[in-house]
Amino acid sequence: MPSRAASCAAGPGTTTRAACGRRPATRTAPVSGDDDVGFRCVRVRSDAEPTTKPEQSQPGGATGAQPTLLRLDASPSPVRCALPQAPAFLIRTDREHLTFRRLTKPEWASAIGRDRFGLWCEIAVEPKRGGEPVVQRLRWIPPGWFWMGSPENEPGRFDNEGPRHQVTLTEGFWLSDTPCTQALWEAVMGRSLSRFRSPTRPVEHVSWDDAQDFLRQLNGWIPDLNLALPSEAQWEYACRAGTETATYAGELTILGKNDAPALDPIAWYSGNSGVDFDLPKGEDSSSWPGKQYLHTKAGTRPVKLKQANPWGMYDILGNVWEWCQDGMRDYDQDARINPTGSLDAGALRVLRGGSWNDLARDVRAAYRIAALPSNRDVDIGFRCARVRS
């Protein structure tokens, strides 16, 4: 039987094994002309290099201090140890590095937590006329970049959605996970002008000016709350939630003016907003052409009945249009950082997301319209943002 070295050096048909060695070469120079010899590269960390990188500040009172390294000795049995009192600590194994940070509930929040969508905070608003507090959840939207606008081949596209361009948002922000409900509106303002009356439905018949009044009053009640409307770029970034398709659930096949089946799981639009409609003052929808489902009256629907996007935003497409803080800007191909449209008083303000009575092509992440700040309608609402972390 040949030796291990001899079998490894044999010709074609020989089995190659990880433990197999090669017969020592007769020459001493580090040169080989063999046609079966190659190499791969490795980089060994220098002792002068840091083992962790500085982290950016986190929301909710988390600190960005250098994490403390938590060392655990290898053991076949479970290891128990007290958590470090440092504001952040790092657990490192041969498979994964995990950084843990302590989160402190902001003073303006009534609760804080984390779920499958990410980090959330809640505010509890005591109604002006008494009663149980109204709770609104806000979700942390991390900083990052995305493609704003739509590609030229997107079905239903309008010219003002392009050219598609890269936008970077350098600051994270909090965003309400639903449009402002009538319950929250009435807790602050005392009464609602909404047509489709229901505490769990979005408030509508709200102008941009009305929304500003609401925000001023609510911010006056809760110290350091500082809510505002999102910019158009912030709105689209949160709506897309890391996706690049027409909706956050995927591409949109439009079968008819009011028929796009991909919208049904995620949005209330003209094709489905009348299915089992339960209020007496519904809009007559009997003549709407090519609906996904047959219905004769339609309107807004309670929030959170459709699937949320990957960042936990409900009803960000459909149900009601949502005001943005800024006006509409013209797009170009240049990359932008924290872009905003006009903020001049009286300038047209952007509306996003489409609504319960809008065509299928209007309920897309890139679709945009603008209206006077004083404009009110049965399909216009808003959601709140907090930019300061």
Check your understanding: Once a ≥ b ≥ c are taken as the square roots of the eigenvalues of the Cα gyration tensor of segment 173-292, is the result rounded (a/c under 1.5), prolate (a/b larger than b/c) or oblate (a/b not larger than b/c)?
Key -> oblate
Practice item. Give the peptides 153-160, 366-373 in descending order of average Cβ contacts within 10 Å, highest first. Key: 366-373, 153-160
**Study point:** Anisotropy class of segment 103-208 from Cα gyration tensor, a/c 1.5 cut
**Key:** oblate
**Study point:** Label-to-label distance, nm, for residues given as Ser374 and Ala335 (7 Å Cα→Cβ offset)
**Key:** 4.3
Study note, to complete from the structure: Looks like segment 257-377, by Cα gyration tensor root eigenvalues a ≥ b ≥ c and the a/c under 1.5 rounded cutoff (else prolate when a/b is bigger than b/c, oblate otherwise), is prolate
Exercise for review: Could you rank the peptides 379-387, 134-142 by their average count of other C-beta atoms within 10 Å per residue, with the highest value first?
Suggested key: 379-387, 134-142
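Read the figures in this text as sums done on the coordinates, not as results from a lab. Since we're looking at a predicted model, the values are computed, not measured. A quick note on method: Cβ atoms are made from the backbone with ideal geometry, for glycine too, and the neighbour counts reach across all protein chains shown.
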